[in-house]
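These notes are about the structure you will find just below.
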Amino acid sequence: LSYDEVTEIFVRVNSLGVKLRGSDLALAQISAKWGGSLKIFQAFQEECKNDGFNLDLGIFLRNLVAFATEQSRFHTVGRLTKEELEIAWTKSKEGMHFAKNFLKNNAKIDSPALLSSPYLMVALANYGYKFNFNIDSNESRELKRWVLLANGKGRYSRGSSETLLDRDLAVIRQGGRAVRLLEQLRQQVGRLEIEPEELEGRNQRSAIFKTMFLAFRESGAKDWHSNINIALDHSGAQHRLQFHHIFPKGYLKKNYVDREVNDIANLAFIGARTNRKISDGKPTDYFKKIISKSGTEPFIAQCIPTDVSFLTKEKYKDFLTNRRKLISERLNSFLGNT
């Protein structure tokens, strides 16, 4: 049988039996048309990993398909010729370089761990290429704002991710700039500002938690004992970044349910050693020690109220309410909403 026939059998069998991802099936179809392409894709994947962007191969395939077909779904990939695939791959690599550089150097997002969805990179890659990487300073500011807001609002996590990405790709294909992308985001989420109520009930898995880290890092947040700036790439187990429950779990567990304990308004970013040192200590106790050593700045940098009247079990919910207000103000400033 021909490669195309074998591939068709493979796709049909695996679609009905062992459930493979769309990117796995697309890769099979691409490999049938373009021999040796997997090694080419993996080499670029390794290059991006060395740049700090360790991404699933499926993201590169989706970006390739977006450049080849002007939409992100894999269902048309079987109709592409080898020549079309090679041309699209060259373009998609150039676009991905732009996406990495813009995220790292403009938006200060230096790891995919800080992205609510890697689909943002596909949109950015297509945006940069569409406009021949010719972006003035005003547009760059608006594009940065869109990236941070789309990331913080979870643009591609509210419904069908592919549908939402296709809408953004359509705007870009039609020549729509960052302002148009922002308007499309506004239509989806209602408002671009972050309200304190929007933080209520969120935990460390939410998109806004990643944006909190970015905002606090920009404000110079440091570990409370070593005074090393917070970062994802600290070396050594002692300094590895962790999120810390300001009111420790053990301190609250008999009074509040897990959802309340794990609220993002109760989380801060510190090193592993500091986290272990605090353990389940009372906030009033360890706050005093840190303030006596470094003042209130370590807490202010992470929008943590230091008024002792908020630091008791009885006032825990008041603490959360107060901190949500402080966090939303910081986030809106960081996101350019003020």
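When each of Leu320, Leu331 is tested for being part of a helix (DSSP H, G or I), open to solvent by less than 60 Å² (accessible area, probe 1.4 Å), of a type in the set (A, V, I, L, M, F, W, C) and under 30 Å from Leu143 (Cα atoms), the lone residue that passes is Leu331. Every listed requirement among (1) modelled with pLDDT of 95 or more; (2) open to solvent by 10 Å² or more (accessible area, probe 1.4 Å); (3) assigned to a helix (DSSP H, G or I) is met by Lys108 save one, (3). All told, Glu70 meets the bar of being surrounded by fewer than 16 Cβ atoms within 10 Å (Cβ to Cβ), modelled with pLDDT of 85 or more and not small (Gly, Ala, Ser). Within region 146-159, can one find any residue that is open to solvent by less than 30 Å² (accessible area, probe 1.4 Å), over 16 Å from the mean Cα position of the chain (by Cα), at pLDDT 95 or above and of a type outside the set (Lys, Arg)? The answer is no; no qualifying residue exists. Among the residues making up region 132-170, those that are free of Cβ contacts under 8 Å to residues at least 24 places away in the same chain and farther than 13 Å from Ser72 by Cα are Asn132, Asn134, Ile135, Asp136, Ser137, Asn138, Gly159.
Here's the yes/no breakdown for (1) closer than 22 Å to Thr163 by Cβ; (2) part of a loop (DSSP other than H, G, I, E, B):
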site	(1), (2)
Leu1	no, yes
Val6	no, no
Phe44	no, no
Cys48	no, no
Leu64	yes, no
Phe67	yes, no
Glu84	no, no
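Screening Lys313 with (1) open to solvent by 80 Å² or more (accessible area, probe 1.4 Å); (2) touching a helix residue (DSSP H, G or I) at 6+ places or on another chain (Cβ under 8 Å) gives one miss only, at (1).
Test of understanding: among Arg21, Arg62, which residue is at pLDDT below 95 and within 25 Å of the chain's Cα centre (by Cα)? Even if it seems obvious, please write down each step before you answer.
On the way: Arg62 fails: at pLDDT below 95.
From the options Arg21, Arg62, the qualifying one is Arg21.
Can you pull out the helices (runs of 4 or more DSSP H) entirely within region 200-294 that have at least 1 residues that are surrounded by 16 or more Cβ atoms within 10 Å (Cβ to Cβ) and within 17 Å of the chain's Cα centre (by Cα)?
207-218
The values are calculated or read from the model by the stated rules, or taken from the named source; none is laboratory data. Being a predicted model, the structure only gives us computed values, none of them experimental. Please note: Cβ atoms are built from the backbone with ideal geometry, for glycine as well, and neighbour counts cover all protein chains shown. Please note that ligands, DNA and RNA were not included when accessible areas were found on the heavy atoms of the full protein model with its side chains. Shrake-Rupley method; radii C 1.70, N 1.55, O 1.52, S 1.80 Å.
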